[in-house]
Amino acid sequence: MTITTSIDNDKLLWMYQMMVTIRRFEEQSKREADAGKLRGMHSSVGQEAVPVGVCAHLRDDDYVLGTHRSHHHCIAKGLDLNAMMAELLGKSTGTNKGKGGTMHIADINKGMLGANGVVGSNIPVAAGVGLSARIRGTDQVSVVFFGDGAANQGTLHEAMNLAGIWKLPTLFVCENNRYAESTPVEYSVSGESIAERASGYNIPSVIADGQNVLEMYEIGGEAVRRARAGEGPTFIEAQTYRYNGHFGADNPLTYRTQEEEDYYEGRDCVERMKAHLSQTKVATEDEINEIDKKALATVEEAARFADDSPFPDPEELTTDVYISYP
Amino acid sequence: MVTTETETRKLSYIQAVNEALRQEMERDPAVFIMGEDIAGGAGREDQGIIDSWGGPMRLTKGLIKQFGKERVRDTPISEAGFIGAGVGAAATGLRPVVELMYVSFFGVCSDQITNNAAKMHYMFGGKIKLPLTIMTGMGAGLATAAQHSETLYSIFTHFPGLKCAVPSDAYTGKGIMTTSIRDDDPVIIFQNRQLMGLPASTHVPEDPYTLPIGKARITREGSDVTLVGIGFTSYLNNQAADLLAAEGISADVVDLLWTSPLDEEAILDSVQKTRKVVIVDEDYPRCSLATDISALVAEQGFDYLDAPPKRVSPPHTSVPYSQPLEAAYMPTAEKVVEAVREVMA
């Protein structure tokens, strides 16, 4: 599609920096996992453009809800990298004090209402957040990211119906990375697309190139505008690709081809954005290198912070079960 | 301990809970209610239709006229959808009361209750609060068969992070509703349908009041045997205590009111006094509240006991439809009396 939105340079550079930061963070996470310090890692490498393009339009008081694969959502929503990396290592300084780990990172102050380990589980919760904004009379929006696997969960359909009848300020963003664990989308999704399912609920939908952050920005912007204006929900099917396996030890070449991987990696969201910044002279090569270096340094600092942080005290095991308990 | 029976403002269970909902909605604009048919006839206001049902149990009758359809919100039949929405609303500044019509329907929405509502506070490191109240109907005795008659508090009590309350009359019904709405943790209120059908017979103060979370009450003081009851079985235990009194047996009746937190102290104190215990529970007999309490007494009150703990529970079957079968299934005051005779023997 042709990008018609004019995007100021600061925003373009922010989006590039976010995507590079996510990429470096996930690479570091993989090293931590390989070293045995992090368990249960689901890498978001390849899918960075989707939340970055959408979250570029969000405020701290807007809400994002994620999935088991949510590091990129959290970073795009502005969470602190030190606290995130500490959480991955189960440290007391983590976003969740070490009690959640990679699949449950949350930070209410930044509007991140949680990654969620159950496929499709967060979608009705996001509808409730939209309902809450409406009842409280604010213009906040909720955005729920989920995968092609969740497109087959009943919760998506129940939540879309509620959002449709109540015109909720909720964005349904499906990151179609083509695989639910090892199961290809061509096998598991009946119909021409996931996006067309929204039409049954009278929700406008669009298929986006999820490897193009500019397109994600444009489509996300219109969806957020509609939500804030009280025009109701939007469904975005962002077509993207998970470069790695479903989880750390998964070899994706047991269910897909090298040719397919090469094709998608050849249209990488970070590289395309870097080329765009150069071609349009938004940034010089030196300026881009500077962003790259800064992203790496931030991630390395997060890794140091996480390593240096203590594990939770044993007493923490039984705190936070309830807010008030006799 | 709560004393109740000295004044004379008699309300039914349904009237008392309705009053609690109304008062809390008046008190706090963050409180709203949603569920199936809680007003009824939604969207037909232009035809003059409003509040056609007032809730499947009539607990919400009249509220939409006072508070409007934003705050008294009829939902489609989408339990996972609207209970999940209750979680999201609770996490972002509201105090939702969500009705799950019958507890047996938890099967279509349990992920929202057990994976989200119960766990978010803990797994997010205590940095989020979830003031969600779920109210649900339960209980056999109305010939509604296996999928509309279960008594399922035990399975939710199993999950840390949920508070589980089981009122036993109009007074505790109102107090527990008010307490739950004001509490910052998720609470499920299990409301027995037979109790909801009883005529107004309990004194209910008009001013709002709360009850201590996780505290049982003693509804009869006695010295020969402890009867532990939960919701409707507390009602049965009071009847059984009267029958036993006629035989010269003095029963101490512990009305739990909450299954999580569980008032272990009240149970053990009573057993220490009476040295015998009968636990009466309408939930299924395996991995149930009754087995849990029996284990508690065996492990921590063994030295008090003159006889093994005795449970009165249904058989390990689904709830039958045919009325003689259903009557045989359910705990009754007579079955309680029989069990007491066994532990007294």
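Couple of notes before you dig in:
- Just one of the listed residues (A:Glu158, A:Glu186, A:Glu192, A:Glu218) is more than 28 Å from A:Ser43 (Cβ to Cβ), more than 16 Å from the chain's Cα centre (by Cα) and more than 14 Å from chain B (Cβ to nearest Cβ), namely A:Glu192.
- The listed residues are A:Glu316, A:Glu301, and the only one of them that is part of a helix (DSSP H, G or I), in contact (Cβ under 8 Å) with a residue 60 or more places away in the chain, within 14 Å of another protein chain (Cβ to nearest Cβ) and more than 30 Å from A:Arg134 (Cα to Cα) turns out to be A:Glu316.
- Some residue of region A:97-108 being part of a helix (DSSP H, G or I) and touching a residue at least 60 places away in the same chain (Cβ under 8 Å): no
- With respect to (1) in contact (Cβ under 8 Å) with a residue 60 or more places away in the chain; (2) touching a helix residue (DSSP H, G or I) at 6+ places or on another chain (Cβ under 8 Å), the lone exception for A:Ser132 is condition (1).
- Residues (open to solvent by 20 Å² or more (accessible area, probe 1.4 Å) and under 16 Å from the mean Cα position of the chain (by Cα)) located in region A:222-243: A:Gln239, A:Tyr243
- Scanning region B:78-131 for residues that are more than 10 Å from chain A (Cβ to nearest Cβ) and either of a type in the set (A, V, I, L, M, F, W, C) or open to solvent by less than 10 Å² (accessible area, probe 1.4 Å) (or both) yields B:Val97, B:Glu99, B:Leu100, B:Met101, B:Val103, B:Phe105, B:Phe106, B:Ile113.
- Filtered residue count, region A:29-55, keeping only those that are within 23 Å of A:Val144 (Cα to Cα), open to solvent by less than 10 Å² (accessible area, probe 1.4 Å) and of a type in the set (Gly, Ala, Ser): 4
- Residues satisfying the stated conditions in region A:164-182, i.e. open to solvent by 30 Å² or more (accessible area, probe 1.4 Å) and free of Cβ contacts under 8 Å to residues at least 40 places away in the same chain: A:Ile165
- Residue within region A:231-243 that is closer than 28 Å to A:Leu81 by Cβ and either part of a helix (DSSP H, G or I) or without any contact (Cβ under 8 Å) to a residue 40 or more places away in the chain (or both) present: no
- Positions within region B:132-163 being of a type in the set (D, E, K, R) and surrounded by fewer than 24 Cβ atoms within 10 Å (Cβ to Cβ), in sequence order: B:Glu150
Yes/no matrix, rows are residues, columns are (1) modelled with pLDDT under 95; (2) assigned to a helix (DSSP H, G or I); (3) not charged (D, E, K, R):
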position	(1), (2), (3)
B:Thr3	yes, no, yes
B:Glu7	yes, no, no
B:Val17	no, yes, yes
B:Gln23	no, yes, yes
B:Pro29	no, no, yes
B:Phe32	no, no, yes
B:Asp37	no, no, no
B:Gly41	yes, no, yes
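- Selected residue (criterion: surrounded by the fewest Cβ atoms within 10 Å (Cβ to Cβ)) from residues of region B:192-210 that are modelled with pLDDT of 95 or more and among the polar types (S, T, N, Q): B:Thr210
- Top-ranked residue in region A:91-120 [being more than 16 Å from B:Lys127 (Cα to Cα) and open to solvent by less than 40 Å² (accessible area, probe 1.4 Å); ranked as farthest from the other protein chains (Cβ to nearest Cβ)]: A:Thr102
- Per-region count, region A:121-147, residues at the interface with chain B (Cβ under 7 Å from one of its Cβ atoms), assigned to a loop (DSSP other than H, G, I, E, B) and of a type outside the set (Gly, Ala, Ser): 0
- As a summary of the residue check, A:Asp292 satisfies the conditions (1) open to solvent by less than 80 Å² (accessible area, probe 1.4 Å); (2) without any contact (Cβ under 8 Å) to a residue 40 or more places away in the chain; (3) under 23 Å from the mean Cα position of the chain (by Cα) except for the one numbered (2).
- Selection of region B:303-341 for residues being in a helix (DSSP H, G or I) and among the polar types (S, T, N, Q) yields only B:Gln323.
- The residue of region B:291-329 that is surrounded by the most Cβ atoms within 10 Å (Cβ to Cβ), among those that are aromatic (Phe, Trp, Tyr) and in contact (Cβ under 8 Å) with a residue 60 or more places away in the chain, is B:Tyr329.
- Residue within region B:56-77 that is within 14 Å of B:Thr133 (Cβ to Cβ), at the interface with chain A (Cβ under 7 Å from one of its Cβ atoms) and surrounded by 24 or more Cβ atoms within 10 Å (Cβ to Cβ) present: no
- Among the residues listed as B:Ile213, B:Ile189, the single one being away from chain A (no Cβ under 13 Å), crowded, with 19+ Cβ neighbours inside 10 Å, out of contact with any His (no Cβ under 9 Å at 6 or more places or on another chain) and not in a helix (DSSP H, G or I): B:Ile189
- Some residue of region A:182-193 being under 22 Å from A:Thr5 (Cβ atoms) and in a strand (DSSP E or B): no
- Considering (1) without any contact (Cβ under 8 Å) to a residue 40 or more places away in the chain; (2) under 16 Å from B:Ala241 (Cβ atoms); (3) surrounded by fewer than 19 Cβ atoms within 10 Å (Cβ to Cβ), the lone condition that B:Thr332 does not fulfil carries the number (1).
- Selection within region A:56-68 - away from chain B (no Cβ under 14 Å) and surrounded by 24 or more Cβ atoms within 10 Å (Cβ to Cβ): none
- Just so you know, in region A:304-313 the residues that are away from every other protein chain (no Cβ under 14 Å) and open to solvent by less than 100 Å² (accessible area, probe 1.4 Å) include one that is farthest from the chain's Cα centre (by Cα), and it is A:Pro310.
- Where a residue in region B:62-86 is not assigned by TED's automatic domain parsing to the domain that holds B:Ile188 and its partner, wherever it lies, is open to solvent by less than 20 Å² (accessible area, probe 1.4 Å) and of a type outside the set (Val, Ile, Thr), with Cβ under 6 Å and at least six apart: none
- Verdict on A:Gly164 being more than 7 Å from chain B (Cβ to nearest Cβ), closer than 20 Å to B:Ile33 by Cα and touching a Phe, Trp or Tyr at 6+ places or on another chain (Cβ under 6 Å): yes
- Qualifying residue in region B:238-247 (condition: in the same structural domain as B:Val340 (by TED's automatic domain parsing), within 15 Å of the chain's Cα centre (by Cα) and either surrounded by 24 or more Cβ atoms within 10 Å (Cβ to Cβ) or farther than 15 Å from B:Val337 by Cα (or both)): no
- B:Asp46 falls short on exactly one of the conditions (1) farther than 16 Å from B:Ile181 by Cα; (2) among the acidic types (Asp, Glu); (3) in contact (Cβ under 8 Å) with a residue 60 or more places away in the chain, and that condition is (3).
The values are calculated or read from the model by the stated rules, or taken from the named source; none is laboratory data. Computed from a prediction, not measured in an experiment: that's the story for all the values here. Every residue, glycine as well, gets a Cβ built from its backbone with ideal geometry; the counts of neighbours run over all protein chains shown. When the accessible area is computed, the model is the full protein with side chains, heavy atoms only, and any ligands, DNA or RNA have been set aside. Shrake-Rupley method; radii C 1.70, N 1.55, O 1.52, S 1.80 Å.
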